[in-house]
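A short worksheet on the structure shown next.
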């Protein structure tokens, strides 16, 4: 293998790594659940729509993570001393891309996601509307003039965004906009918000120095830990209620079996606040989310 090919392969690998692929589980769980719910209710499944929706939401997720690195770097939050650069590749701090190219890369990822939505509009008229709203949410997280992340609104915005992804994906799967898909999205959105809270708890000291407000910089340590724990526990409280009101199949009650492992992970994170607090917390989503998807789909048979 020539040196040029090795260099090219390394660059491609780095370009993938800076999108934080461990975070792809977030949109994958959201989209997979929507299509599982659609199949449970209507017995319909379009493999083309499923693959394109997964790809589009993953691209949006990658876009927001790359843009997050750009804006955090510009604001002085990401540097060689930041916790986030100790466990993952940072596009700017580690010299993979220039700041300008990082911004462009993030926007291009989002625009490719938009292109997929435009195609889906041929079959689902409101797909482009959902995509435009989704892209605005992606940008508003820390892009000016919104910069919600820096105004202690990031956690709320993330909760709304990932609930929205479930609703939008359900629309692509069925052609219907349903309150049921929104209600059933709440357990997933809660855990995804916990991932952000864990990240912000780790970065609280740096955020304070740079005058950035998150809930982790506002609340005292004890309250932050309780808040994180509640976000992890809340989904397990919601599942029985959603089943009781007929919004989920009875079989989904078995997702409660994952509670002990989720509690164990949550305790480890809020006790130690490791450098990789966010991917550690994402394990809860993987355990809970994939079980949630599987049980909902299994209930269709």
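What follows is calculated from the coordinates using simple rules that are stated; it is not laboratory data. All values reported here derive from a predicted model rather than from experimental measurement. Note that each Cβ is placed from the backbone with ideal geometry, even for glycine, and that neighbours are counted across all protein chains shown.
Side notes on the structure shown:
- Think of it as helices only: each DSSP H run of n ≥ 4 in the chain is worth -39500 (n - 2.57), and spread over all residues that comes to -24000 deg cm²/dmol at 222 nm.
- Considering all C-alpha pairs of region 211-301, those separated by over 15 Å amount to 64%.
- Based on every Cα atom in region 94-215, Rg and the maximum pairwise Cα distance Dmax equal 16.4, 49 Å.
- Distance between modelled label sites at residue 126 and residue 251, nm, 7 Å Cα→Cβ extension: 2.9
- Mean Cβ count within 10 Å, highest first, over the residues of peptides 257-264, 35-42, 202-209: 35-42, 202-209, 257-264
- Taking the Kirkwood radius as Rh and the Cα radius of gyration as Rg, region 125-167 has a ratio of Rg/Rh equal to 1.02.
- Each peptide in 142-148, 43-49 receives the mean, over its residues, of other Cβ atoms within 10 Å, and ordering these scores from highest gives 142-148, 43-49.
- For the chain, the relative contact order is 22 percent, taking Cα pairs closer than 8 Å that sit 6 or more residues apart in sequence and dividing their mean separation by the residue count.
- Mean-position separation - Cα centroids, region 152-184 and region 127-141, in angstrom: 12
- Region 146-238: equivalent-ellipsoid semi-axes (sqrt of 5 x gyration tensor eigenvalues, Cα, Å): 29, 16, 8
- Pairwise label distance in nanometres, residue 222 with residue 81, each label 7 Å out on the Cα-Cβ vector: 3.0
- Exposure proxy ranking, count of Cβ atoms within 10 Å, fewest first, for 214, 31: 214, 31
- Just so you know, the Cα atoms of the chain work out to an Rg and Dmax of 19.2, 62 Å.
- Order by protection proxy (mean Cβ within 10 Å, highest first), peptides 52-65, 178-191, 9-22: 52-65, 178-191, 9-22
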